[in-house]
Each structure stands twice: as C-alpha cells, then as structure tokens.
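In what follows, a single structure is set out as structure tokens and then discussed.
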Amino acid sequence: MKKIDLHLHTIPTVSDADFTFSLDTLKKYVDSSELDAIAITNHDIFDLAQFHEINEALDCIVFPGIEINLDNGHILVISENRSLEEFKIKAEQVSDKVKEMGDSISVDELVHIFGDLNNYLLIPHYQKKPVVSSGNISKLSDFICVGEVDSPKKFIRLARDETELTPVLFSDLRVKEGLRTFPPRQTYIDCGELTLDAIKHSLRDRGKVALSKLDGNSLFNIFDDGQQLSTGLNIVLGARSSGKTVTLNRINEEFDNVKYITQFSLVQRDDANNEKDFNAGVARKKSNFSDKHLSAFKSVLDDVINIDLVVNKRKVVDYLDTLMKLADEAGKRDAFSRVALFNETLFDTGEEKGLNELIGAVRLLIENIEYRELIERNVNMDALKGLACELIELLWGKNLERKKRMAVNDVVRDVKSKLHLRSSSTQVKDVDLYEVMIEHKKVKRFIEIVKRLQTEKVIYEENIQGFKVVCKQRAFRGAGEIKGVSGRKIAFTEAFKEYSSPYKYLMKLKENDAHVPSDFYKYFACIEYEILNRDGYRVSGGERSEFRLLQEIKDAQNYDCLLVDEPESSFDNLFLKGEVNQILKEISRTMPVVVVTHNSTVGASMNADYIVYTSKENEEEGKIVYRRYSGHPSDKELRSVDGKTISNFRVTMDSLEAGEGAYVERNSSYESIKN
C-alpha cells in the first residue's frame, strides 16, 4: 500500500489567506507522514521554478498539478512528472482567466486548454466545498474516476456505495512556516509503481483505496504521530489526569465538523429556570414545524392585513348619500352633469392571481424531476407544454387588456374631475360594492380561523427513545407571552386589550410602527411544546437532561464525528445501557464516534470497535510521559505509536472495574444477594 497526498498548496493566491511557504516544513510533513507521493496543486497557478526546487529536495514522488476554479467548484488537474514546460504553458492560460476572486473557467475552456484529458488525473471536490456541480462531473465522466471528500465519514459512505465516485481524502495543506502538527488526512492505494497511469488504474478500483495501511477502511489516522481510530465506535479509557480529555480535545481540533458533548454540559441545576430554558430550546429546534403549521394562516392574514372596514363603511355611506342627493337633484342637472362620464364607474384592474397560480402549477408538473416518470405515465408532456404556452399567451392578453383598462381609468378620472369642477350637481362617489362585500366576508372568515387557531389542541406528537414530544396550540394568556415569541423589546399591552377580537387586535398591531408586519402571524396563537416521559407525565429535571443527551446524540448525524466525554458523570446506568448505548452504536455505523468513559456500563456493554488507553507514566530520571495505547477489544495487548505495549485485560479491569480484586469481590457480593 502506498500513502499519497495529492492536494498541497505552496503559493498563496487570491483564493487563499496569505502565508509564507517553507520547504523545511514540507520535508517534515512528508517524512513524519511517511508519504510515498505528493502533488503540488496551487489555486489556478503553477510555478515551475518552485516545483523543480521541491522535486529535488524530497525523496518521494512529486507530481505537478493545479487546482482550478471550474464554474465556482474546485477540481485538481494532476500531470505526470514530465513535459513540465508544456504543463506550465497550459497552467498559464488558466492563470490568465482566473485573476480575481470569483473568476472561473468552463468545462469547454478546460478541454480547450489541456486537450486530451486522458493524459491527466482529474479529481473534483465531490463532497467537499466548493463542490464541482453534478452537471460538470457528468460532462467530464469519461475522465473522472475519483472524488475528493473532507472527512472519514464521507469517505466510508462513498466507499460502500458502488454508484458513487471512489473517494479520496487529502490534507489540502498550506505548507507554511511555523507548522508544528500536520493533518492526518491522506489516502492509501494498492499500487506498485508510482506513475500517474498506475495511480489512475488503482483509483478506478474502490477496493484498492483505503484510509489505513493494514486495516483498510476500518481504521484511519487521527494524529500526525500515527495514532489511529476506528471509523466506527471508539472508547477512550484511562485514570484521571492521564490525558483522556486532552485526547478528545485534539480529536475535536482535527475535524472541521464535530459534535462534541462535553462532561456535565447537559446537567440542569436550577430546576425552575432550566425548565423554562429547556422548553424554549425544544421550541427553537421544532420552529420549522411551527412555521409550517402557521404558514396557511400567514397567507390568510396577508390577505386581510390591508383591509380597512372603517374606510369601506365610509365609502358605502358616501356612495349612498351622494346617490340620494343626485336623485333629489334630478330636475336640476346642468349640461356637465348630464355627460355620461360624469358618474361613470372605473374598470376593475385587479391582477390575474388565479391564472398566475395555474401557470405555476403547470410549470411545476413540467419541471418536476422526482416524480417525472409518474407524471409522464399519466399526462402527455407535449400537451402540458402546449397548455403552459396557451395559458401564458392568455395571461399576456389579459395583462394587455388590464393596461388598456388602467389607461382608460386614468382618462375617466381626469374627465370626471374636470366635469365636477364645472358642475354644481352632486357627483356619485365611486365604490366597488362587490369588493366591499368580499372584504367583509374575508374579515369574518379571518375571525373564525383565528378562533379555531386559538382553540387548545394537540397538533403534533413525536416519540423519541421513550420520550414523547407533544406540540399544542392555544390562545396567548398575556402580553408577556407574545413579547417572548416576538424576541424583541416591544410592548404588546395595548394591542392585547383587543386580543379577543382578532380583527381589532390586528389593527392595533398595525398602529404600532415598531411591530414588523411579516411577524404578525406569530402573535395570534401560542405554539408550545412539552416533553412527556414513558408514563405520560411531564419530565423531571433529570429526565430533561436525558432527553437533551438523546437529542444531542441524534443531532450528531449532521456532523462528521461525535465526541462524548464521560456520560456516566451525569446519567444513571440503566439509561446509559439502554437508550444511550443503543443510539451510539447505531450512529457509529455511519461515522466515527469517540466516548471517554471509566464506567463498565458504557465501556464494556456497548461493544466498541476500538480502544484507546491514556496513561501518565514515570520514565527514567523522573520524567513524566503521557502515552496512548490502542487496539481492538479482542487484542491481548494494546500498543502505543512508539512501540510500547500494555495488557488489555489489566487496562479494562483497572479502568472499568476498579481492578480485578474489586471485580471478583463485587461479583461474590452480588451472588450472595441473588441467592
């Protein structure tokens, strides 16, 4: 197996923070990591003089390369270590096109510059930002066999999936002065001769690519001294002050995307305040559901918020008054008031909301990818496209008609105004009685909907590892609750006086300029959560901590690694052995999990895949050394990176059982009680 890192930076560019390259640092990295091959891949640039310097100074194979901004995704283009002048000329064409942040080249330009891409190793950012788009990977599929990822979790997931590109994990290191530690992100390949063609041949077979030299993808390097971890479940054992938490902190530093549950972080001490904070925290995590539940009401509120019933009533009264006056003046009308336009009503110029929504629905059917096969099986796609075109043409026609009506309305208003100035007759006030009636019905329906929304009932339930999350809707009990939902220092006292009359309450909210109208939908009904235990009662302080731990562990699925520091410090053994061990084991099937423990319920019962034992040792001359031993649970001996060994049995007994004597004595006591 050969160890390679084909992603190294030695020159700062517009895509980097500034740094000073150090050849000595690069030598130390290659030597300490025992690399067989590297590639120099600076952003959109290739420095031939520097490459020659690096190539002559190192004992490993060095490939020339360049990391190119391809339509805002990054791709490595690596060449064989020959024809360097030709590669330099091609790289300069890239440099000419990518000079500022945001510049990039297209796939067509990439092909035009480099010609036959079979002569190169192309490695796109695959599950690593900034990713090369799936469209561009598809265009280059004849030349791409691997994709770069940024964590062991993603490496393992892709390695198991035959439909994905073969994964590789590289350091992406800026080789600069002052580096004391190096990232452990490299890839092993089963390859004989280290030529570019041989590497490409090996990378095409995912079975020849691994995270570790001897253990394939079951282990990976975590520290630059060679310390390994399992890609599954790891436990870290050791006496107090032996370096367990230090080890966990170092692991945290090595990953970019870690879920770290520190010791005692979930324990709640002030019961009253913590219950309030706990419920608020649960509500924040479930806020997406709350917004979804209220989304339909938000559209109703948006349709009502600009309706003013007082103004509408005044318009109708004015209309009736002027109509009666005009009737009284029937025999006294002058020439101006007899003109047809004197009391003409205006055209309705409302937008075609229904037609717009219909066009959107048809477009959704045409553009849907997820259910494309089902749609095409039941609906003729050409007919759908034809319908969309006809609807759009109809909309254009209606929009043109609307513009004509608006133009006519402008003329009518102008004429009516001038006629009114010349006439002493009463002019009937214009009002759309149909629109007034519709708005009255909308407000009435709005009030009904709010009353239903304020009716207390359960709207959502979710079972989580023996707990039940219950979401309820109800009316707010006071202005303070609404202020809490708003998250702003705004008074709701005056508005809340009208809370029992939804429309009046809405108008009061509008009167205060400090309120944000887009948030009004949150102020009509309280959405609250409570957590129930397996007996159906509200959780106690200890149970809240248990629920939070399970939620935090479950949340780890969105990260690349989970670290848990001594969960037994805060929770009882039955809970740990049941729910916690089960969920940790389940998560470890998809990502590395590291648990620090000195408790047999956690350490022995969860069936870890790998053990790390931290030890504080006195060497000769009184020197204290902190050492880590590691191995599989079935190994008789655990081994340190410097070749020292220690009995796995003794480590387990001392760390988890307080020694073999105490373990035997305790077992005897248990037998006496049992019998």
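General remarks:
- Filtered residue count, the range 141-172, keeping only those that are within 25 Å of the chain's Cα centre (by Cα) and under 21 Å from GLU67 (Cβ atoms): 17
- Looking across the range 612-638, the residues that are touching a Phe, Trp or Tyr at 6+ places or on another chain (Cβ under 8 Å) and crowded, with 17+ Cβ neighbours inside 10 Å come down to VAL612, TYR613, THR614, SER615, ARG628, TYR629, SER630, GLY631, LEU638.
- Flag if GLY542 is at pLDDT 80 or above and assigned to a helix (DSSP H, G or I): no
- Listed by position, the helices (runs of 4 or more DSSP H) contained in the range 271-366 that have at least 2 residues being at pLDDT 90 or above are 287-304, 309-328.
- Residue pairs meeting the criteria (Cβ under 8 Å; at least 6 apart or on separate chains; first farther than 19 Å from GLN186 by Cα and in the same structural domain as ALA39 (by TED's automatic domain parsing), in the range 2-24; second among the hydrophobic types (A, V, I, L, M, F, W, C) and assigned to a helix (DSSP H, G or I)): LEU23/ILE54; LEU23/ALA57
- Taken as a whole, the structure places ILE261 among residues that are β-branched (Val, Ile, Thr) and at pLDDT below 90.
- Scanning the range 26-51 for residues that are outside any loop (DSSP other than H, G, I, E, B), under 30 Å from ASP96 (Cα atoms) and more than 32 Å from the chain's Cα centre (by Cα) yields a count of 7.
- Filtered residue count, the range 465-495, keeping only those that are buried (at least 18 other Cβ atoms within 10 Å of the Cβ) and either acidic (Asp, Glu) or in a strand (DSSP E or B) (or both): 4
- From the options GLU462, GLU498, GLU448, residue that is acidic (Asp, Glu), surrounded by fewer than 17 Cβ atoms within 10 Å (Cβ to Cβ) and over 21 Å from ILE307 (Cβ atoms): GLU462
- Flag if GLY65 is touching a residue at least 40 places away in the same chain (Cβ under 8 Å), assigned by TED's automatic domain parsing to the domain that holds VAL209 and small (Gly, Ala, Ser): yes
- Boolean, VAL470 is over 23 Å from ILE531 (Cα atoms), within 44 Å of the chain's Cα centre (by Cα), not assigned by TED's automatic domain parsing to the domain that holds LEU364 and not aromatic (Phe, Trp, Tyr): no
- One residue stands out among those in the range 2-25 that are part of a helix (DSSP H, G or I) and out of contact with any strand residue (DSSP E or B) (no Cβ under 8 Å at 6 or more places or on another chain): the one that is farthest from ILE89 (Cα to Cα), which is ASP24.
- Here is the figure for the range 104-142: residues that are among the aromatic types (Phe, Trp, Tyr) and either in contact with a Gly (Cβ under 6 Å, 6 or more places away or on another chain) or modelled with pLDDT under 95 (or both) total 1.
- Out of LEU341, LEU346, one residue alone is touching an Asp or Glu at 6+ places or on another chain (Cβ under 8 Å) and closer than 30 Å to LYS429 by Cα. It is LEU346.
- Only residues that are exposed (fewer than 12 other Cβ atoms within 10 Å of the Cβ) and assigned to a helix (DSSP H, G or I) were counted across the range 508-538, and they come to 2.
The values are calculated or read from the model by the stated rules, or taken from the named source; none is laboratory data. Quantities reported herein were computed from a predicted structural model and do not represent experimental measurements. All Cβ positions, even for glycine, are placed from backbone atoms using ideal geometry, and neighbour counts span all protein chains on display.
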